[in-house]
Every structure is written in structure tokens, then in C-alpha cells.
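The values are calculated or read from the model by the stated rules, or taken from the named source; none is laboratory data. Nothing here was measured: the structure is a model prediction, and the numbers come from that model. Note: ideal-geometry Cβ built from the backbone for every residue, glycine included; neighbour counts use all protein chains shown. Only protein heavy atoms, including side chains, enter the accessible area calculation; ligands, DNA and RNA are left aside. Shrake-Rupley method; radii C 1.70, N 1.55, O 1.52, S 1.80 Å.
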Amino acid sequence: MASTVGSTAEGLSALDISGDWAASAPNLWKNLSLLSPDQVQLAKMLLQMGQSHLFERWPEPGVDDDEKRAFFQQVARLNASYPGGLASYIRTARELLADSKSGKNPFDGFTPSVPSGESLTFGDDNFIHFEEIGVKEMQNAAFVLVAGGLGERLGYNGIKVALPRESSTGTCFLQHYIESILALQEASCRLVEGACQRQIPFVIMTSDDTHARTLKLLESNAYFGMSPSQVTLLKQEKVACVDDNDARLAVDPHNKYRIQTKPHGHGDVHSLLYSSGLLKTWRDAGLRWVLFFQDTNGLLFKAIPASLGVSASKQYHVNSLAVPRKAKEAIGGIAKLTHSDGRTMVINVEYNQLDPLLRSTGHPDGDVNCETGYSPFPGNINQLILELGPYIEELQKTGGAIKEFVNPKYKDATKTSFKSSTRLECMMQDYPQTLPPTARVGFTVMDIWLAYAPVKNNPEDAAKVPKGNPYHSATSGEMAIYRANSLMLKKAGVKVSDPVLQVFNGQEVEVWPRVTWKPQWALTYADVKSKASESCYISQRSTLIINGRNIFLEDLSLDGAFVINSADDAEVKIGGSVQNKGWLLENVDYKDTSVPEEVRIRGFRINKVEQLEKTYNEAGKFSWKP
Ligand code: UGB
């Protein structure tokens, strides 16, 4: 319990509030003897910052005293976790709310234009070259997953990283990410002469909404094979909500002794990494790259080797991964912004800002597609690769603070009151905003089918997405994995049947053969090419699951379901014709609550009618044909 101030008079002098403070917060004054000296200072700061309303409904001492102390413990946490403390938060909120009320454009004076960056085509020589470089560099990298968001748009009750990435194997996103990092670590180490001991560090940013469940998922699955010492969880704190343009802190509607809080955004990752000291540890260990990624993009590791190769070859301090973007799609656009005073920056312009910015700078149609059928501005998929040295240098100047914004929903055009409380937010991709013009900021555009299929939208909203725009749902996220694997095999020469169109949860999707593989089977196009021969064939209704490193598909002809498992030191050659009834996709309605949530949000379940399963648990060379 906190120690209390000796006397009321001591508390009064400590407060030193100008004006009639007792009239402004009489209920606080009555309760002053409950507070420690530090809490008295916090009380003083709150009153000085015009927050006396917080105490309006406080009863006499003796009633709810523990709750009152808990209130100040919360204030202390909010104060400590924000650079400059709560007073600074309130001041910034007032400034940004005033800008928002007056309609000030955050990009005032800047004109957007289409920037130039590296555009890659899967499987061509350039792509293969960058993948090779990327895999070599991987041992000098650390990965950071931002997973503090609850995913309100998806409406799923669990944490998003626990969702199956696809339901043929049921592997969840977090398991897939960890297995991909381990496979990259191993592939990179194989390219080093002599022993390579390096473990790729993996940081997960969590929040109060996700922390306990993320830790439990890791612990109950033995960290999916990663050494626990390789994984660090950094928890972001939420920030205070404000109720009006004066930035009066919002009282929690469920508890008058709490300030309402909401997430501050993924931009917190920079200050957390900086204050954790991890960046310096990594630099001292000789690391060179930090790769940031989001919670539910099941394709992203297919794009990582080549994009790291681009960073290394072009010596980019900042490399943003991007895909062609449909106009008005809810992903930010990467733009070059040129100020009338000559300043330029290459930066993400968030989807809700791009259209007004274009309209105010001579593009009356705003955010529209060009002749390619896509927006001329590449879509930011928020996977960033930062070079560690320049990153540390920059954070030493900023402490990791990222330019914030506020997005109040006003009740009416007078912009004087809000529909609900709001808060300051920040985004990790805004990091380049403070960089000097000499910084090497670039981006890498990849084929969308290869790099980007997030699971963000609930079935109802996904079904309303305009035709031609991506659904970003659990349905499309899973189908994208089968499509990408099928297209990679096709590019390698395998004959893969064309997809059929099917509708799940009101979304029409291409259904390709359900092909999945463990990351250690293939991380790059070169891996796929070396393990799948051109004489293979896979029919559309097939399922192929490859669980092992050294599995070689020779002249396999598959029409049905085939699961191949092998130990790391087994080498297995597979050929011949496999035919069975296979695994069927059966429609499920998202409103059918008798079905588990993770199944119903994708709109289908897999009925495993018949399959062939081959398992090679021992070391040695094996060859199989029916
Ligand atoms: N996240 C946190 O870790 N903490 C938070 O406080 C909030 C989120 P959303 P958003 O992928 O196409 C981003 O909600 O913010 C994590 C980019 O800004 O999924 O709407 C959260 O767990 C946008 O430019 O996305 O939009 C998740 O992993 C575009 O790139 C991640 O942050 C878009 O993503 C993203 O949170 C996209």
C-alpha cells in the first residue's frame, strides 16, 4: 500500500495550485490524506492540467479508499509510460485536437508523387539473386512482430496469432512465424563457413489485451521449437482517452476510479525496443537488420528473403515492403512528398489521408486506379526492414517517439463534441518522418499473391468489399496460401490444375489445390525448384501436405489427399500416382454458433474423407512409389 502524507496541511502546501483549488476539486482535497507524496505530485499535475472533473464523483474518505489509491497507481503508470509524462500527453492532445478541429492537413505544404523503388517479379533472375543474398544476410537479422492489436475489425475473440493460418494442417500464425525464422536461421547458417551458433532474436510486442494469451500460447507449445531465450515479449501500455477538445481525460464508463484507456498504436514498438536495451545488445552481437511484421499475413515469409536481399544490396536504411494497391483499399500508400520549401520524404500516407491529400493538390478524382487497374501508389503492407546502426542513431535522438495523430469521431460539423472518447495514436511506419534527407529510404514492391494476404475483416464486412478489391478475411487469407504455393510449384514447372471459383461466407474465391509445406522444405523459389520436378501433376481437388525438409517430389501424380512426414535426417523421394477420395471443403455459415469460431469465420470446414499418409521417422535414404 502507498504511504500517506503526514497531514492535510502538508498535502495542501505540496499542491501549490494557483487559484481556488479547493473549489475546483473539493472531493480530492477531502481525500488527500490517503495519498503518498508522489501521488500528491500527480494530483497537482492533474489539477494544473485542468483535470479536476476526474474527482467530481469521489465520496468522503472511508468510502472506496483502495479504489482511490488504485486510481493514482493507474495515473502513475500512465505518467511513467509516456515520454514527458501525462502532462505532455495532454498538451499534445490539445494541439492535435485543435489542428483536427480547424481541418489542418498533416501534410500541409507537401505534394505527393509516385516514388521509385525496387519492383520484383517472382522467379526471375533478379528475384532469385535477391533471395540468395537475403538468406545469407538472415543470420544478421532480428525479427519483431507487432501483436498488441485486438483486431476489432475481425471480431475474433481470441488473439489473432493463435488463429490457424490454414486449416489443412491447422498450424497457427505464431507457429508458422517461428518455424519460418528457425528455417531461415538454419539456411543462413549453412552458408557460413565453420560453425554458426547464431540464433535469430524474435521480439513480440504485446499489449494488455494480448500479453497473457500470447505467453500461454508459447509456453503450452514449448515455444514451437524455438529456444525460450530467443524470444522476448515487450508489452505496450495503453494511453488515456480524452472526452473533448480540451483533452479532459475520460473517466472509464465502468469504474469512476479509472481513466479510460485505449491502444496507442503499433508505433510504440520503436520506443519499447529502444528502452529495452535490446537494440544495443543486437548491435554488440554484430547484427545488422531489424525486420518488423504484423500479426496475420500468412504469406509474408515468402517475401522476406528477397526483400532483405534488396535492403542489403541497395544499403537501404529503411525498406518498406509494398504490393500493388487498389484505390481506396484500406492499406496505406507509399508516396514521395515534396514540400514547397524543398524538403522531400518517402513515406506511408494512411488510407484515410491519401484521398484528401490528392484532392487538395490538384488531383480532383483523389484516390483512383490508373491504367494498370491499380493505384499508382504502392500499398504499404507494413513490413519494414531497418538497418540497425542508423536506426539506433536515430532513436538516440528521438527516444523512439513517433509523430502522433488523433482521429476523433465528431458528433456534428461544429466539431465541438465527440461521439465517443478518443486518444492519441502512432504508427510504426511513420518512423522515417524524422529522418534526415540523407537517409536511404526505399521500398520493394512484390507480387500481391506472393506477399500479402492479411486476415483483418469479419465475414460480414468482407462480403461487402467492392468487387475486385481483396477481402482480407480468414477465407481469403487461407485461399491465398494455397494459391501462392500452387503458383510457386507451377512456376517451377509442376503441372497444377486451374482453380475453381467457390463462395464461402458470401465471398467468391479461387480454390486451388490445398498445397502446404513446412518452411524448412522451401523458403525460396530455388528451394521449390530443387525439390519439385517438372514431371509432377496435382489436380484441383487435391491436398498435398509436406512435413519435412528433404522430401523430393519426382514424378508424383496426385488426385486426392497425400500427407508426407519425414525426420530431418531422412531423404525421401516420392513418385508415382496417388489417387483417393481426398479432403473436401464443406460450407459453414459464419452465423452458425455450433461451429468453432475459427472455422466459421472462414466459411468452410475440411472433411477428411480419405488420404494417403507416409511417415519416415528414421535417418536414411528412402524412395517411394505406389
Ligand atoms: N498493433 C499493435 O501491436 N498495437 C496496437 O496498438 C495496434 C496494432 P491493424 P491497421 O496491413 O495493410 C496497418 O489494426 O493499423 C498491431 C497499417 O497502418 O491490423 O489498420 C496489430 O496487432 C496500414 O498502413 O492494421 O493498418 C497488427 O499486427 C496497412 O499497412 C498490426 O499492428 C495495414 O496495416 C496492424 O494493426 C495493412
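Could you tell me which residue of segment 494-505 is most open to solvent (accessible area, probe 1.4 Å), considering only residues that are more than 16 Å from Arg600 (Cα to Cα) and touching a helix residue (DSSP H, G or I) at 6+ places or on another chain (Cβ under 8 Å)?
Step by step, filter segment 494-505, then rank; the result is Pro499.
Just checking, how many residues over segment 81-96 are aliphatic (A, V, I, L, M) and either closer than 13 Å to Gln353 by Cα or over 28 Å from the mean Cα position of the chain (by Cα) (or both)?
Number of matching residues: 1.
I'd like the full set of residues that are surrounded by 21 or more Cβ atoms within 10 Å (Cβ to Cβ) and within 20 Å of Asn221 (Cβ to Cβ), limited to segment 186-201.
Ile200
State which residue is surrounded by the fewest Cβ atoms within 10 Å (Cβ to Cβ) when the search covers only segment 478-490 and only residues that are under 29 Å from the mean Cα position of the chain (by Cα) and charged (D, E, K, R).
Arg483
Determine whether segment 301-319 contains at least one residue that is within 15 Å of the ligand (Cβ to nearest atom), among the polar types (S, T, N, Q) and closer than 25 Å to Leu272 by Cβ.
yes
Consider Asp461 against the criteria (1) in a helix (DSSP H, G or I); (2) within 14 Å of the ligand (Cβ to nearest atom); (3) crowded, with 24+ Cβ neighbours inside 10 Å; (4) of a type outside the set (Gly, Ala, Ser): it satisfies all of them except one. Which criterion is unmet?
The failed condition is (3).
Among Pro201, Pro263, which is modelled with pLDDT under 95 and not acidic (Asp, Glu)?
So the residue among Pro201, Pro263 that is modelled with pLDDT under 95 and not acidic (Asp, Glu) is Pro263.
Please determine, by comparing only the residues of segment 116-139 that are outside any helix (DSSP H, G or I) and open to solvent by 20 Å² or more (accessible area, probe 1.4 Å), which one is farthest from Leu184 (Cα to Cα).
Within segment 116-139, the subset outside any helix (DSSP H, G or I) is 116-124.
Now restrict to residues that are open to solvent by 20 Å² or more (accessible area, probe 1.4 Å): 116-119, 121, 124.
On the way: Ser116: 29, Gly117: 25, Glu118: 23, Ser119: 23, Thr121: 21, Asp124: 21 Å.
Per the criteria, the residue is Ser116.
In the set Gly298, Gly342, which member is of a type in the set (Gly, Ala, Ser), without any contact (Cβ under 8 Å) to a residue 40 or more places away in the chain and more than 10 Å from the ligand (Cβ to nearest atom)? Step through it out loud before you land on a result.
Details: Gly298 fails: without any contact (Cβ under 8 Å) to a residue 40 or more places away in the chain.
Selected residue: Gly342, the only one of Gly298, Gly342 that is of a type in the set (Gly, Ala, Ser), without any contact (Cβ under 8 Å) to a residue 40 or more places away in the chain and more than 10 Å from the ligand (Cβ to nearest atom).
Condition check: over 18 Å from the mean Cα position of the chain (by Cα), farther than 30 Å from Ala247 by Cβ and either at pLDDT 95 or above or within 14 Å of the ligand (Cβ to nearest atom) (or both). Does Tyr391 satisfy that?
Working: over 18 Å from the mean Cα position of the chain (by Cα): yes; farther than 30 Å from Ala247 by Cβ: yes; either at pLDDT 95 or above or within 14 Å of the ligand (Cβ to nearest atom) (or both): yes.
Yes, satisfied.
Scan (1) open to solvent by less than 20 Å² (accessible area, probe 1.4 Å); (2) assigned to a strand (DSSP E or B) for the single condition Glu394 breaks and write down its number.
So the condition that Glu394 fails would be (2).
Hey, can you tell me all the residues within segment 112-154 that are acidic (Asp, Glu) and at pLDDT 95 or above?
Across segment 112-154, the qualifying residues are Asp124, Asp125, Glu131, Glu132, Glu137.
For Lys302, only one of the following conditions fails: (1) assigned to a helix (DSSP H, G or I); (2) open to solvent by 30 Å² or more (accessible area, probe 1.4 Å); (3) basic (Lys, Arg). What is its number?
Failed condition: (2).
Residues that are closer than 20 Å to Ala451 by Cβ, more than 15 Å from the ligand (Cβ to nearest atom) and in contact (Cβ under 8 Å) with a residue 60 or more places away in the chain: does segment 156-163 have at least one?
The answer is no, given that none of the residues of segment 156-163 is closer than 20 Å to Ala451 by Cβ, more than 15 Å from the ligand (Cβ to nearest atom) and in contact (Cβ under 8 Å) with a residue 60 or more places away in the chain.
Here are the criteria: (1) open to solvent by 30 Å² or more (accessible area, probe 1.4 Å); (2) closer than 20 Å to Cys172 by Cβ; (3) under 22 Å from the mean Cα position of the chain (by Cα). Tell me which single one Gln520 does not satisfy.
So Gln520 meets the others, but not (3).
Is it true that Leu150 is within 15 Å of the ligand (Cβ to nearest atom), assigned by TED's automatic domain parsing to the domain that holds Ile304 and surrounded by fewer than 21 Cβ atoms within 10 Å (Cβ to Cβ)? Can you show your working first?
On the way: within 15 Å of the ligand (Cβ to nearest atom): yes; assigned by TED's automatic domain parsing to the domain that holds Ile304: yes; surrounded by fewer than 21 Cβ atoms within 10 Å (Cβ to Cβ): yes.
When the stated conditions are applied, Leu150 passes them.
For segment 164-217, name all the residues that are part of a loop (DSSP other than H, G, I, E, B) and within 16 Å of the ligand (Cβ to nearest atom).
Correct list: Arg165, Asp208, Asp209, Thr210.
Does at least one position in segment 265-280 carry a residue that is assigned to a loop (DSSP other than H, G, I, E, B), away from the ligand (no atom under 16 Å from the Cβ) and surrounded by fewer than 23 Cβ atoms within 10 Å (Cβ to Cβ)?
Yes, that holds for at least one residue.
Pairs please, first residue from segment 133-153 and farther than 23 Å from His270 by Cβ, second anywhere and in a loop (DSSP other than H, G, I, E, B) and of a type outside the set (A, V, I, L, M, F, W, C), Cβ atoms under 7 Å, 6+ apart in sequence or on different chains.
Val135/Thr524; Gln139/Arg198; Arg153/Lys456; Arg153/Asn458
Among the listed residues Pro378, Pro432, Pro356, Pro408, identify the single one that is in a helix (DSSP H, G or I) and either closer than 30 Å to Pro164 by Cβ or open to solvent by less than 20 Å² (accessible area, probe 1.4 Å) (or both). Working first, answer last.
Working: Pro378 fails: in a helix (DSSP H, G or I); Pro356 fails: either closer than 30 Å to Pro164 by Cβ or open to solvent by less than 20 Å² (accessible area, probe 1.4 Å) (or both); Pro408 fails: in a helix (DSSP H, G or I).
Criteria check complete, one pass: Pro432.
Which of the residues spanning segment 218-239 are within 14 Å of the ligand (Cβ to nearest atom) and not charged (D, E, K, R)?
Leu233, Leu234, Gln236, Val239
In this structure, does Ala453 turn out to be surrounded by fewer than 24 Cβ atoms within 10 Å (Cβ to Cβ) and of a type in the set (Gly, Ala, Ser)? First the steps, then the outcome.
Values: surrounded by fewer than 24 Cβ atoms within 10 Å (Cβ to Cβ): no; of a type in the set (Gly, Ala, Ser): yes.
When the stated conditions are applied, Ala453 does not pass them.
Does Leu585 satisfy the condition of being open to solvent by 10 Å² or more (accessible area, probe 1.4 Å) and either assigned to a strand (DSSP E or B) or in the same structural domain as Gln502 (by TED's automatic domain parsing) (or both)?
yes
Can you tell me how many residues in segment 97-111 are at pLDDT 95 or above and either open to solvent by less than 40 Å² (accessible area, probe 1.4 Å) or under 25 Å from the mean Cα position of the chain (by Cα) (or both)?
1
Would you confirm whether any residue within segment 418-425 is surrounded by fewer than 19 Cβ atoms within 10 Å (Cβ to Cβ), touching a Lys or Arg at 6+ places or on another chain (Cβ under 7 Å) and in a loop (DSSP other than H, G, I, E, B)?
Checked against the condition, which is being surrounded by fewer than 19 Cβ atoms within 10 Å (Cβ to Cβ), touching a Lys or Arg at 6+ places or on another chain (Cβ under 7 Å) and in a loop (DSSP other than H, G, I, E, B), segment 418-425 yields at least one hit.
Take Glu618 and decide whether it is more than 23 Å from Gly155 (Cβ to Cβ), out of contact with any helix residue (DSSP H, G or I) (no Cβ under 6 Å at 6 or more places or on another chain), among the acidic types (Asp, Glu) and part of a strand (DSSP E or B).
So Glu618 fails the test.
So Pro324 clears everything in (1) over 20 Å from the mean Cα position of the chain (by Cα); (2) not in a loop (DSSP other than H, G, I, E, B) except one condition, right? Which one?
Pro324 satisfies all of (1) over 20 Å from the mean Cα position of the chain (by Cα); (2) not in a loop (DSSP other than H, G, I, E, B) except (1).
Keeping to segment 1-47, report how many residues are open to solvent by less than 20 Å² (accessible area, probe 1.4 Å) and at pLDDT below 85.
3
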